[in-house]
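Q: If you scroll down you'll find the structure; I have some questions about it.
The values are calculated or read from the model by the stated rules, or taken from the named source; none is laboratory data. Predicted model only: the values in this text are computed from it and were never measured. Here Cβ is always computed from backbone atoms with ideal geometry, including for glycine, and neighbour counts include all displayed protein chains. SASA here: full protein model, heavy atoms, side chains in, ligands and nucleic acids out. Shrake-Rupley method; radii C 1.70, N 1.55, O 1.52, S 1.80 Å.
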Amino acid sequence: MSLTNQHIWLIGASTGIGAQLARDLAAAGAKLSLSSRDQTKLEALKSELKGDGHGVYPLDVTQQTSVDLAWAALNKARGMPDMVIYNAGAYEPMSATRYDADTAIMVADTNFMGAFRVLEPVLPAFMARGRGHIVLTGSLAGIKGLPNAIGYGASKAGIIHLAENLRLDLAGSGIKVQLVNPGFVKTRLTDKNSFQMPFLLTPEDASARIMKGLLSDRFEINFPKRLTVLIKALRYMPDRLYYKLLRNKPAKN
């Protein structure tokens, strides 16, 4: 598979992993439709990308009308994309002991429900055409419940489940489905963490791993490997030991 002249709709492109992925995809010859809520950042990113034929289509993934308008605009201007990458993300570290419903719902709406809104126009169009490539961004944090991840962890677990559903249902349809599960990557989101993040990667390193995965037949693009092994091992740990090791200590007032 080559990315040359592939029309890719990259949602969540304005900062962090998304912005670096846009640079790498453009350098590989892809033609990008860039989306996020921040049109100014998207325009700035577009101006630095290699090649031409890139477009900017601002949207808010928490609003179906916004998603539909962006989809209609990019289809009219550039034709249906060959690949859609859902990379929109929100994160706020939160313990259940300091639960804030509005924040948790905002995170889940962006990370998880937004993917359903994007699939609403994309999936029928890809099915009618008989080909396409859908990439959803989850997280290693969605593989097993972790402390201080209310909203975020559940939303990423939902993305993982959704990708698995799509892979099963779309087998033989001509539509390729992939799931990206990053570990800790230094971005404006992880800068909110107050703890030491193991195996911390740069956006450049994360993007390089995603690029390699997109060109493969792998369903899961998990990285880094050492953290993936550790997180997946938690699924097989006896519950009593798991909750004893990972549980939060009561907060001191």
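Q: Here are some pairs, Lys76/Lys156; Lys156/Lys232; Lys31/Lys156; Lys156/Lys176; which of them have Cα atoms lying more than 23 Å apart in this structure?
A: Too far apart for the 23 Å limit: Lys76/Lys156; Lys31/Lys156.
Q: What do you get for chymotrypsin sites (Phe, Trp or Tyr not before Pro) in the range 63-159 restricted to DSSP loop and a cutoff of at most 14 other Cβ within 10 Å of the site's Cβ?
A: Listed in order of number, the matching sites are Tyr99.
Q: With an 8 Å Cα cut-off and a minimum separation of 6 or more residues, compute the relative contact order for the chain in percent.
A: For the chain, the relative contact order is 18 percent.
Q: Now, a different point. Check cross-link reach from Lys144 to the aspartates and glutamates: straight Cα distance under 15 Å, and skip same-chain residues fewer than eight apart.
A: Asp239
Q: Between Asp52 and Leu230, what FRET efficiency follows from the Cβ-Cβ distance if R0 is 45 Å, with the result rounded to 0.05?
A: The computed FRET efficiency comes out at 0.55.
Q: Would you please name the trypsin sites (Lys or Arg not before Pro) within the range 1-108 that are DSSP coil residues with at most 15 other C-beta atoms within 10 Å of their C-beta?
A: Passing sites in the range 1-108 are Lys50.
Q: Roughly how many Å² is the accessible area per residue of the chain, as a whole number, for a 1.4 Å probe?
A: For the chain, the solvent-accessible area averages 51 Å² per residue.
Q: Continuing with the same structure: Evaluate the distance, in nm, between pseudo-label points positioned 7 Å from the Cα of Met237 and of Glu204 along their respective Cα→Cβ axes.
A: 3.4
Q: Also: With every protein chain present, what accessible area does Leu245 have (1.4 Å probe, heavy atoms only), rounded to the nearest 10 Å²?
A: 110
Q: Relative contact order for the range 96-239 using alpha-carbon pairs under 8 Å, separation at least 6, rounded to a whole percent?
A: 24
Q: Sum -39500 (n - 2.57) across every DSSP H segment of at least 4 residues in the chain, then divide by the residue count to get the 222 nm mean residue ellipticity, nearest 500.
A: So the calculated ellipticity at 222 nm is -13500 deg cm²/dmol.
Q: Leu123: accessible area at probe 1.4 Å, nearest 10 Å²?
A: For Leu123, the solvent-accessible surface is approximately 40 Å².
Q: For a quick check, take a GNM of the chain with Cα springs below 10 Å and name the residue from Asp100, Asp24, Asp38 with the largest mean-square fluctuation.
A: Highest fluctuation among the options: Asp100.
Q: Next up: Starting from the range 101-144, pick out the trypsin sites (Lys or Arg not before Pro) whose DSSP state is loop and whose Cβ has at most 14 other Cβ atoms within 10 Å.
A: Within the range 101-144, the qualifying trypsin sites (Lys or Arg not before Pro) (loop, at most 14 other Cβ atoms within 10 Å) are Arg131.
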